[in-house]
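The values are calculated or read from the model by the stated rules, or taken from the named source; none is laboratory data. Worth saying up front: this structure is predicted, and the values here are computed from it rather than measured. Here the Cβ is made from the backbone with ideal geometry for all residues, glycine too, and neighbour counts use every protein chain on show.
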Amino acid sequence: MGNKPIIFLPTHRSYADFILMSYLCFTYNIEIPAIAAGMDFYSMWAMGSMLRDTGAFFMRRSFNNDHLYWDTFRQYIHQLMAEGDLPLEFFIEGTRSRSGKSLIPKIGLLSMVLKTFYTAVVPDILFVPINISYDRVLEEKLFAYELLGVPKPKESTSGFFKSLSIIKEYYGNIYIDFGEPISARNFFSGYLNRSFHNLKPIHMQEFTEQEKYLTSKLSNEIVVSQQNCAVITTFNVIALALINNCYITGCKEMKLEDLAQEVAWINENLRYFGTVTELNNLIVDIQNALNVHKSLVTVTNEKMVKLVDHCVALKSIDSSQLKGHALSQETMNSVLPFIMLQIYVNPTLHRLCNPSMITIIIQRYKVIEKGELFSQYNFLQSLFSHEFISCSTGNNLVCNHYSKRFLLMECRRSLKNYYKT
Ligand SMILES: CCCCCCCCCCCCCCCC(=O)SCCNC(=O)CCNC(=O)[C@H](O)C(C)(C)COP(=O)(O)OP(=O)(O)OC[C@H]1O[C@@H](n2cnc3c(N)ncnc32)[C@H](O)[C@@H]1OP(=O)(O)O
Ligand SMILES: O=C(CO)COP(=O)(O)O
């Protein structure tokens, strides 16, 4: 890796993520990275060793308080960073997000990687945030089942071969976007005193409070950067319009014409807030997106867009294994399409949460002093800090007067537009 190790940090929405990443590296003649993989994969017959041959190294999904395991693994990462010649890849969210929302980052591997920088073993590290967005996620139905409490099927070689049949269906496009690499040296510049660690042998060095704080700050920045380079797909916008209509009217269907108008309006606002969206040609793109998702939404002869009813195959599920409350067949059937739809709404929320907070405050108070508005805004930010990573980065506090003013103007304008239409 030279003296500037590179760490690839993709979002994790599908099993396809790591295959795509390795394929992309292979295609662009980049060294195939060493990928941190959960032990679940190692126990797959014949596949575990094959995955290891293609770059995976395995670890427990949780280290708990096993100090020996932490130390051994830390030493392994140290070796990869200091002596290895491959980029490293891991999923900072620690698991595939079932909801489509970014997860609170895990700091275990990141802290092991950073230790080599804090202790000056390497002069710098480049963290490359990557966003992988799917028009349609391979696991969409499985995720909805899991959100309902159905346990995830265990990774197995036979399961892998059985699941190959689903790739016959049409899944649309995949967008892979690389964010601006974050240099550890630049990120921590002025905040870190690395000479402190010279006083102790490496194996005895503990993180300082400042280093713990900075590690967690960097982990949030990585996730925010993954979000910033995300592409919002046309179906994300359609799902938002459809679910909004369901909540307002209580109706599972919507006129295609109304949907198109709503999609155009949401898309315009998302772009206004700096989001990259897939939509170019309103009607054609909506038709394509609906075609990709025809198992979830259908267009009737009367040009109504309608959620398809799903039937949960409860017979094949052992109800004693259900996590949480065992829901009735009827409840499961009626919520499944909503959950599947919400999975596609969620990737848009980080873009909408901040302007929505300001909009809500303005709507509630009608007239509000600027200082009060900002304090209400900061309150909502901290309230939602576990819900949206962008609320927990502390940007709200350092956000300068002009950027807040800009945000406010944006919200006012979108509110005005909303009431016009
Ligand atoms: C067929 C064609 C093939 C084509 C060819 C394709 C190639 C194909 C390759 C395959 C590739 C597969 C790829 C699979 C992909 C996945 O398997 S994704 C799932 C596995 N990956 C990950 O989880 C990565 C991110 N996870 C982490 O970093 C986690 O921290 C760890 C390391 C797993 C540990 O998890 P954990 O025990 O839950 O720890 P975590 O919650 O981070 O922290 C727990 C506590 O330990 C403390 N702690 C943190 N760091 C440390 C530290 N260094 N020392 C001591 N304590 C620490 C924390 O502060 C925390 O304390 P509290 O805040 O609770 O007080
Ligand atoms: O992370 C994994 C796949 O890459 C496997 O674990 P999850 O089922 O927790 O996502």
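Results, tabulated for the structure shown:
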quantity: Residue count, the stretch 1-21 (criterion: small (Gly, Ala, Ser) and either within 15 Å of Phe90 (Cα to Cα) or assigned to a helix (DSSP H, G or I) (or both)); calculated: 2
quantity: Odd one out for Lys168, checked against (1) more than 15 Å from ligand 1 (Cβ to nearest atom); (2) more than 17 Å from Ala230 (Cα to Cα); (3) assigned by TED's automatic domain parsing to the domain that holds Ser189; calculated: (3)
quantity: Selected residue [among the polar types (S, T, N, Q) and either outside any helix (DSSP H, G or I) or under 30 Å from Leu307 (Cα atoms) (or both)] from Asn378, Asn346; calculated: Asn346
quantity: Flag if Ala46 is in the same structural domain as Leu218 (by TED's automatic domain parsing), aliphatic (A, V, I, L, M) and near ligand 1 (Cβ under 6 Å from one of its atoms); calculated: no
quantity: Single residue of the stretch 95-128 satisfying the filter (of a type outside the set (Val, Ile, Thr) and touching a strand residue (DSSP E or B) at 6+ places or on another chain (Cβ under 8 Å)) that is nearest to ligand 1 (Cβ to nearest atom); calculated: Leu109
quantity: Residue within the stretch 10-21 that is away from ligand 2 (no atom under 15 Å from the Cβ) and in contact (Cβ under 8 Å) with a residue 60 or more places away in the chain present; calculated: no
quantity: Residue in the stretch 137-168 that is surrounded by the fewest Cβ atoms within 10 Å (Cβ to Cβ), counting only those that are assigned to a loop (DSSP other than H, G, I, E, B) and without any contact (Cβ under 8 Å) to a residue 40 or more places away in the chain; calculated: Pro153
quantity: Hits in the stretch 22-52 (condition: in a loop (DSSP other than H, G, I, E, B) and either touching a residue at least 40 places away in the same chain (Cβ under 8 Å) or surrounded by 13 or more Cβ atoms within 10 Å (Cβ to Cβ) (or both)); calculated: Ile30, Glu31, Ile32, Pro33, Ser43, Met44, Trp45, Ala46
quantity: The stretch 181-199, residues that are in contact with a strand residue (DSSP E or B) (Cβ under 8 Å, 6 or more places away or on another chain) and farther than 16 Å from Tyr213 by Cβ; calculated: Pro181, Ile182, Ser183
quantity: Subset tally (residues that are among the hydrophobic types (A, V, I, L, M, F, W, C), surrounded by fewer than 19 Cβ atoms within 10 Å (Cβ to Cβ) and more than 16 Å from ligand 2 (Cβ to nearest atom)) for the stretch 53-97; calculated: 4
quantity: Residue tally, condition within 11 Å of ligand 1 (Cβ to nearest atom) and within 27 Å of Ala144 (Cβ to Cβ), over the stretch 1-22; calculated: 11
quantity: Some residue of the stretch 59-80 being in contact with a Pro (Cβ under 6 Å, 6 or more places away or on another chain) and either more than 9 Å from ligand 1 (Cβ to nearest atom) or not in a strand (DSSP E or B) (or both); calculated: no
quantity: Test: residue in the stretch 181-189 that is part of a strand (DSSP E or B) and either among the polar types (S, T, N, Q) or at pLDDT 95 or above (or both); calculated: yes
quantity: Residue pairs meeting the criteria (Cβ under 7 Å; at least 6 apart or on separate chains; first free of Cβ contacts under 8 Å to residues at least 60 places away in the same chain, in the stretch 79-100; second more than 16 Å from ligand 2 (Cβ to nearest atom)); calculated: Ala82/Thr116; Ala82/Val121; Ala82/Val122
